[in-house]
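The values are calculated or read from the model by the stated rules, or taken from the named source; none is laboratory data. Model, not experiment: these values are computed from the prediction. Glycine also receives a Cβ, built like all others from the backbone with ideal geometry; neighbour counts cover every protein chain displayed.
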């Protein structure tokens, strides 16, 4: 589902060049749940963005279901991303003026699929948000916002979930809800790549590697 082959990423700045990723290689297939741990600045978010067809590497190759997204036009790359990947971020990235239901349905605007409305209602109920369906993000608790983001990520039935510190702002109960959902997704045959600096979150994964100064340790 996902393969990174010797991926490197540089950030060029007036005061010098920062190497965010150094020859990173990993593979994720059906049922895999991998946690990448590392301190702030270790390259975790760059790794996730590169894996998610959002940030082209400077060297190496990214393959999604065997296809290089960075060899595609921006339109085809966005379509591939919309079909194959669900994103869960620490800051949620909900649209402030859309209701819970509208936020969950947002991915259907990019990828046409039958039954999106019913799928949204199913996910809203699954994550205990039925009584919040018409609320705006500002009217939700932190845990509720992350559950909306998780439902949104699952709407198009992706094969890969990419999660960037998804429990960083949550209490223990809501963190467990998110981690259990990621594990259930992998159990059902999906693949999960979680980046985190939290030991408790990483422990939910089936395999853990470390990213230090852009270099992956432990191989996946």
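Structure summary
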| item | result |
| --- | --- |
| Test for residue 111: is it closer than 26 Å to residue 29 by Cβ, touching a strand residue (DSSP E or B) at 6+ places or on another chain (Cβ under 8 Å) and surrounded by 15 or more Cβ atoms within 10 Å (Cβ to Cβ) | no |
| Residues (part of a loop (DSSP other than H, G, I, E, B) and surrounded by 21 or more Cβ atoms within 10 Å (Cβ to Cβ)) located in region 38-50 | 38, 42, 43 |
| Failed item in (1) touching a strand residue (DSSP E or B) at 6+ places or on another chain (Cβ under 8 Å); (2) at pLDDT 90 or above; (3) farther than 14 Å from residue 193 by Cα, with residue 42 passing the rest | (2) |
| Answer from 149, 118, 65 - the residue that is exposed (fewer than 15 other Cβ atoms within 10 Å of the Cβ) and in contact (Cβ under 8 Å) with a residue 12 or more places away in the chain | 65 |
| Strands (runs of 3 or more DSSP E) (entirely within region 154-215) containing at least 1 residues that are more than 12 Å from the chain's Cα centre (by Cα) | 207-212 |
| Tally, over region 80-97, of residues that are modelled with pLDDT of 90 or more and surrounded by fewer than 17 Cβ atoms within 10 Å (Cβ to Cβ) | 3 |
| The lone exception for residue 88 - which of (1) closer than 30 Å to residue 137 by Cα; (2) part of a loop (DSSP other than H, G, I, E, B) it fails | (2) |
| Output for region 105-135, where each listed residue is in a helix (DSSP H, G or I), closer than 16 Å to residue 177 by Cβ and within 18 Å of the chain's Cα centre (by Cα) | 123 |
| Residue tally, condition under 26 Å from residue 123 (Cα atoms) and in contact with a strand residue (DSSP E or B) (Cβ under 9 Å, 6 or more places away or on another chain), over region 49-90 | 16 |
| Pick from region 51-77, criterion assigned to a helix (DSSP H, G or I) and out of contact with any helix residue (DSSP H, G or I) (no Cβ under 9 Å at 6 or more places or on another chain), ranking: nearest to residue 112 (Cα to Cα) | 75 |
| Any hit, region 23-37, residues being in a helix (DSSP H, G or I) and buried (at least 20 other Cβ atoms within 10 Å of the Cβ) | no |
